[in-house]
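J.: Structure below; questions to follow.
The values are calculated or read from the model by the stated rules, or taken from the named source; none is laboratory data. All values derive from a computational prediction rather than experimental measurement. As a convention, Cβ positions derive from the backbone with ideal geometry for all residues, glycine included, and neighbour counts pool all protein chains shown. SASA here: full protein model, heavy atoms, side chains in, ligands and nucleic acids out. Shrake-Rupley method; radii C 1.70, N 1.55, O 1.52, S 1.80 Å.
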Amino acid sequence: MSIKRTFHTLGDGLMTLLFPRLCLNCQRAVVAGQRPQLCIPCNNDLALTNHWLMPENGVTDRMVGRLPVTFGAALLAFNTGTVCQQLIHALKYYHRPEVGVQLGEQLAELIKDHPALQDLDGIVPVPIHPNRRHERGYNQAEKIAEGMATVLRKPVYPKALKRVVFKGSQTKRTRYERVENTRESFGTGEGDFAGKHLLLVDDVLTTGATVDFCGNILLASHEGLKLGVATLAIAE
Ligand SMILES: [Zn+2]
């Protein structure tokens, strides 16, 4: 081990002693190297969907009749009060971009050998509005895409789609209003992806409206484009 590396490791140990890493869900101390930063019981509580083992699953079902997809998968089941919800909140509201990267890597490891993805050309994160990005400091979907890209060894195209208008928080809207709001919120961005196979990436799949609109914009803008969909979580 080099001297620099030794000091780095010593420094890491000291930092952990002074500021123990705490579980993102239950705040208990966590052993170094846990990715994402969860204690063992909380990590064991994460419910993998196993979507990558099923030709039809919760993600592909939600796209039926709306968006033709080559592949669909979410990493985790998202339910209120679960560890998964805490992770998504950490990523979106508590400035923990590394959670997106780490879960993106996990998801990519699970899907990288899937037959439907062997001709994949790149990854497109769902964009967020510049105002929201400014508040948060990053686009969470881009962080997920970054993590996936290192495992899949494919480029990320963060400008393939763009956010067009912003109408405030979606959380207080009715489902119909959310759908209408989403419809006007995305537009085609930069790049020519004719004949390419892209993976559209977002944090949580709920109604599927966002992925539906984004995917259809891409399909309408690039002839012969094929699309897969991957999200960190699916709301059930
Ligand atoms: Zn915990």
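J.: Look through Glu142, Glu146 and report the one residue that is at pLDDT 95 or above and in contact with a Gly (Cβ under 7 Å, 6 or more places away or on another chain).
T.: Unique residue meeting the criteria: Glu146.
J.: If a residue must be surrounded by fewer than 24 Cβ atoms within 10 Å (Cβ to Cβ) and closer than 16 Å to Arg153 by Cβ, how many such residues does region 107-127 contain?
T.: Residues in region 107-127 being surrounded by fewer than 24 Cβ atoms within 10 Å (Cβ to Cβ) and closer than 16 Å to Arg153 by Cβ: 12 in total.
J.: Of all the residues that make up region 27-59, how many are within 11 Å of the ligand (Cβ to nearest atom), among the charged types (D, E, K, R) and part of a loop (DSSP other than H, G, I, E, B)?
T.: 1
J.: Would you pick out the residues in region 134-162 that are open to solvent by 40 Å² or more (accessible area, probe 1.4 Å) and within 15 Å of the chain's Cα centre (by Cα)?
T.: So in region 134-162, the residues open to solvent by 40 Å² or more (accessible area, probe 1.4 Å) come out as 134-135, 137, 143, 146, 150, 153-159, 162.
Residues satisfying the conditions are Lys143, Glu146, Thr150, Val156, Tyr157, Pro158.
J.: Look at region 67-105 and say how many of its residues are within 11 Å of the chain's Cα centre (by Cα) and either in a helix (DSSP H, G or I) or within 15 Å of the ligand (Cβ to nearest atom) (or both).
T.: Within region 67-105, residues that are within 11 Å of the chain's Cα centre (by Cα) and either in a helix (DSSP H, G or I) or within 15 Å of the ligand (Cβ to nearest atom) (or both) number 11.
J.: Determine which member of the set Gly72, Gly81 is open to solvent by 30 Å² or more (accessible area, probe 1.4 Å) and either within 26 Å of Thr188 (Cβ to Cβ) or outside the structural domain of Asn25 (by TED's automatic domain parsing) (or both).
T.: Working: Gly72 fails: open to solvent by 30 Å² or more (accessible area, probe 1.4 Å).
Just a single option satisfies the conditions, and that option is Gly81.
J.: Sticking with this one: Can you say whether Thr206 is of a type in the set (Ser, Thr, Tyr) and open to solvent by less than 30 Å² (accessible area, probe 1.4 Å), as far as the supplied structure shows?
T.: Numbers: of a type in the set (Ser, Thr, Tyr): yes; open to solvent by less than 30 Å² (accessible area, probe 1.4 Å): no.
No, not satisfied.
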